[in-house]
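The values are calculated or read from the model by the stated rules, or taken from the named source; none is laboratory data. Every value quoted in this text rests on a predicted model; they were computed, and no experiment measured them. Virtual Cβ from ideal backbone geometry, glycine too; neighbours counted across all protein chains shown. Calculation scope for accessible area: heavy atoms of the full protein, side chains included, ligands and nucleic acids excluded. Shrake-Rupley method; radii C 1.70, N 1.55, O 1.52, S 1.80 Å.
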Amino acid sequence: MPIPPRVSLVTLGVKDVARSTAFYVALGWPLSLASVPGDVSFFKTAGGLLALWNEEMLAEDAGLPGPTSADRSSHALAINLESRDEVDAALATAVAAGGRITRPAQATDWGGYNGYFADLDGHLWEVAHNPFWPIGDDGRPTLPE
């Protein structure tokens, strides 16, 4: 069977589930009732689902000897928005919630505009406006065919 090309759920291993949950709630993300306070938190997004889970438990569940979070710069999650102003506003919200800007927003060589923030556990988030990928009614960027 071929694997379907979809991302259903992203799980971030975090040091403190309650603290990280408060950060994402401060970003304005609605917490799902499926969450178990202090154990696992779920957020419905315009794309797949986001889960926050203790990094030690995630490593154990994945069959690893311990958390592999020493270098979180090996991946970045992205939020695409409809304008440069929305990118700037989103980055300001991340800072107000306790996040850290790792690169301020700037024009890109491909005609877009983006910046990066790290959440409380150092997970990188790109916030971008790509004028060539309009945002669809579902909140996701529309890729060229």
Exercise. With every protein chain present, what is the per residue accessible area of the chain (1.4 Å probe, Å²)?
Worked result: 60 Å²
Problem set entry | Restricting segment 12-71 to trypsin sites (Lys or Arg not before Pro) in coil, as DSSP defines it, with at most 14 other Cβ within 10 Å | Lys15
Problem set entry | Sum of -39500 (n - 2.57) over DSSP H runs of 4+, divided by residues of the chain (222 nm, nearest 500) | -6000 deg cm²/dmol
For this session: Apply the Karplus parameterisation 6.51 cos²θ - 1.76 cosθ + 1.60, with θ equal to phi minus 60°, to every residue of segment 128-134 and state each ³J(HN,Hα) to the nearest whole Hz, in sequence, with x for glycine and proline.
Result: 9, 10, 10, x, 8, 10, x
Problem set entry | Virtual spin-label span in nm between Ser83 and Ala107, 7 Å along Cα→Cβ | 1.8 nm
Seminar exercise, completed: Answer in debye to the nearest 20: the dipole magnitude of segment 5-126 about its Cα centre, from +1 Lys/Arg and -1 Asp/Glu charges placed on Cβ, is 120 debye
For this session: Using only Cα atoms, locate the centre of segment 1-54 and the centre of segment 78-145, then give the distance between them in Å, rounded to an integer.
Result: 19 Å
Seminar exercise, completed: Along principal axes, largest first, the alpha-carbon spread of the chain in whole Å comes out as 44, 42, 30
For this session: Give me the percent of the accessible area of segment 33-145 that comes from carbon and sulfur atoms, probe 1.4 Å, all protein chains in place.
Result: 55 percent
